[in-house]
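Values in this text are rule-based calculations from the coordinates and carry no lab data. Computed from a predicted structure; not experimentally measured. Ideal geometry is used to build each Cβ from the backbone, glycine not excepted, and the neighbour counts take in all protein chains shown.
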Amino acid sequence: MADSGAAPFRILDLTAAYPAAREDPYPRLADLRARCPLHRDEAGGAWLVARMADARAIFADNSHVKNPDRAEPAAHAIRRRRNTVPDGLAFPDDQRASMLELDGEEHVRVRNPLVQALYARIARFEPECLHIVDAALDRLEDRAGFDLMKELAEPVPVSCIGHILGVPLETLATFRAWLDGIVQTFNPNRTPEDVAALVAASNGLAHYIRTRFADAKFNPPDDLFGDMARIQADGAPLTDTEITYNIRGLLIAGNVTTTDLIGNAVRLLLTHPAELAKLHAEPALWPNAVEEALRYEAPVDFTWRIATHDENLSGWPVSAGAALNVFIRSANRDEAAFPNADAFDVARPRAARHLSFGGGAHICPGAPLARMETKHLLSRLFTRFPNLRLAEPDTPPHWRHLPGFRGLESLPVRVD
Ligand code: HEM
């Protein structure tokens, strides 16, 4: 049944911004799938799409777009990021170049060269990925316990993307601080301090990326900046802003998400010892375990598409201009797609049919990198520290409050 009357709750209430959903979002999502697979959030002017079949149909239909300007006037939530650009940003208009919000030929023109260069770098990255993972684990060798988020889940993804971008080791700490500040972009309830941190971090990173690209054009280094400088010099029709803003996008899209995947996966394995035992007995299952962690505890709540013509979803009509929020976290637990969907099963057949990386033309281009990092980090962590366990087994998980993402603030563990 579609609920198009007064909204009983907002989409935001299904995210980590709301305490009950932060603790456990799944019962309410199950209720939506069963009773109201298409829910209208009047405040945000958006539809929430809860079932896997509708989500897949939306991704598969290329008539759907992502540019918020194409959404109906009531679709406030989808325009929020554009309309809440804080004062003081050095390059406030650059976000119009983001591949996240481009469609059709413009999207292909901007996305393809950058993503092809990224894929080529990822394909050669495995030895360095192992080196980064092993070095991070080496640093913990003499410790009895540590915060897994701080020591592994946060630094490893930044070091990996930092290597692909040729960020020198001595700059990585500043780089991480900028990314931490920029996460506030996703926070609709920013304090003045959050805004100040966001502006400072955003400007610091923007200047760094612009300078690196300007230098790369004179002397292309062996990294993604050099690749893009060469591709542009060879005639790819890309402006400097399109390149630099989307390199920034890779960083932001790939940072908190991979951190959350690693933290969520470790917590799941520590709280499901029978699943961990399966992995010790059959290490070939590690890639599937990563997929199952992605499915079971998706790092990202939802992505969006905008309808360009009138259509039906779960038998209910939506009009052109409708902002459709595909609720990934809900589709991933849909019994119609995954039998016994609320069970965490590292040997689950077809676990990789989850939607955690979105789908269609905008599917996440960082997926191979996130999968590689997580697989190596998990398998080596659990081999290196056979006594790894939760330091606070009786304390509820420390979920972050950032809406849109599901990840841990901290994950104290012991290894002694
Ligand atoms: C576990 C880690 C990750 C998750 C769960 C994740 C999830 C997502 C999702 C849900 C989308 C939206 C897709 C859609 O609308 O169909 C997306 C887009 C994107 N992701 Fe990721 N991501 C992850 C890691 C990464 C990494 C490591 C990078 C970069 C190295 C990255 C770069 C991007 C970019 C650039 C887009 C925009 C693509 C477009 O609009 O064409 N992501 N990601």
Amide H partners (placed H, <5 Å) of Trp304, local residues excluded
Val326
Given N residues in region 102-195, what is Rg(Cα) / (2.2 N^0.38 Å)?
1.38
Cα-based convex hull volume of region 11-414 per residue, rounded to whole Å³:
139 Å³
For n ≥ 4 DSSP H runs only, could you compute -39500 (n - 2.57) per run for the chain, divide by its residues and tell me the 222 nm figure to the nearest 500?
-15000 deg cm²/dmol
For region 8-54, the Cα convex hull volume per residue in Å³ comes to 72 Å³
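Using the crude model of +1 on Lys and Arg Cβ and -1 on Asp and Glu Cβ, and no other charge, please compute the dipole size for region 245-372 relative to its Cα centre, in debye to 20.
That gives a dipole near 300 debye.
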Segment Arg350-Ala43, length gained on full extension (0.36 nm per residue, minus Cα span):
106.8 nm
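So what's the projected area for region 238-320, the Cα convex hull averaged over all directions, in nm²?
Here the figure is 9.5 nm², rounded to one decimal.
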Would you grab the residues whose amide H sits under 5 Å from the one on Val318? Only those 5+ places off in sequence or on another chain, please, with H modelled 1.01 Å from N.
Glu311, Asn312, Leu313
What order do you get for 29-37, 248-256, 103-111 when each peptide is scored by the mean count of other beta carbon atoms within 10 Å, highest first?
248-256, 29-37, 103-111
Can you give me the Cα centroid spacing of region 47-108 and region 291-324 in angstrom?
12 Å
Would you order Ser379, Ser63, Ser330 from fewest to most other beta-carbon atoms within 10 Å of each residue's own beta-carbon?
Ser63, Ser379, Ser330
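Per residue, how big is the convex hull of region 53-156 when only Cα atoms are used? Give it in Å³.
With only Cα atoms used, region 53-156 gives 226 Å³ per residue.
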Name the residue farthest towards the positive end of the dipole of region 37-89 from the options Val85, Ala75, Leu48, assuming +1 on Cβ of Lys and Arg, -1 on Cβ of Asp and Glu, about the Cα centre.
Val85
In units of 2.2 N^0.38 Å, what is the alpha-carbon radius of gyration of region 15-85?
1.26
Which of Ser159, Ser314, Ser319 has the fewest other C-beta atoms within 10 Å, and how do the rest follow up to the most?
Ser319, Ser314, Ser159
Provide the per-residue ³J(HN,Hα) series for region 62-73, in order, calculated from phi with Karplus coefficients 6.51, -1.76, 1.60 and θ = phi - 60°, each as a whole number of Hz, with x at glycine and proline positions.
6, 6, 6, 10, 10, 5, x, 5, 8, 7, 4, x
Short version: ³J(HN,Hα) in whole Hz for each residue of region 107-121, in order, from phi by Karplus 6.51 cos²θ - 1.76 cosθ + 1.60 (θ = phi - 60°), x for Gly and Pro, what are they?
5, 4, 4, 7, 6, 4, x, 5, 6, 5, 5, 5, 4, 5, 5
Length gained if Asn62 through His272 is fully extended, taking 0.36 nm per residue and subtracting the Cα-Cα distance, is 71.6 nm
Between Thr239 and Arg384, what length in nm is gained on full extension when 0.36 nm per residue of separation is reduced by their alpha carbon distance?
47.6 nm
Relative contact order for region 11-414: what percent, with Cα pairs under 8 Å and sequence separation of 6 or more?
27 percent
Total formal charge among the other residues, if their Cβ is under 12 angstrom from that of Arg295, Lys/Arg +1 and Asp/Glu -1:
-1
Show me, for region 260-276, the HN-Hα J-couplings you get by feeding each phi into the Karplus relation (A = 6.51, B = -1.76, C = 1.60, θ = phi - 60°), rounded to Hz, glycine and proline as x.
5, 4, 4, x, 5, 5, 4, 4, 4, 5, 6, 9, 10, x, 5, 6, 5
Given the alpha-carbon gyration tensor of region 165-229, what are the semi-axes of its equivalent ellipsoid in whole angstrom, ordered largest first, with each equal to the square root of 5 times an eigenvalue?
28, 11, 9
For the pair Ala343 and His76, how long in nm is the line joining their label points, each one 7 Å along Cα→Cβ?
4.5 nm
Placed amide H near Trp399: partners under 5 Å, 5+ positions off or other chain:
Glu409
Please report, in debye to the nearest 20, how large the charge dipole of region 11-414 is about its Cα centre when each Lys and Arg carries +1 at its beta carbon and each Asp and Glu carries -1 there.
380 debye
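If we count every other residue with Cβ under 10 angstrom of His107's Cβ, Lys/Arg +1 and Asp/Glu -1, where does the sum land? Before the final figure, lay out the partial values.
Working: positive: Lys66, Arg109, Arg111; negative: Glu101, Asp103, Glu105, Glu106.
Local charge sum for His107: -1.
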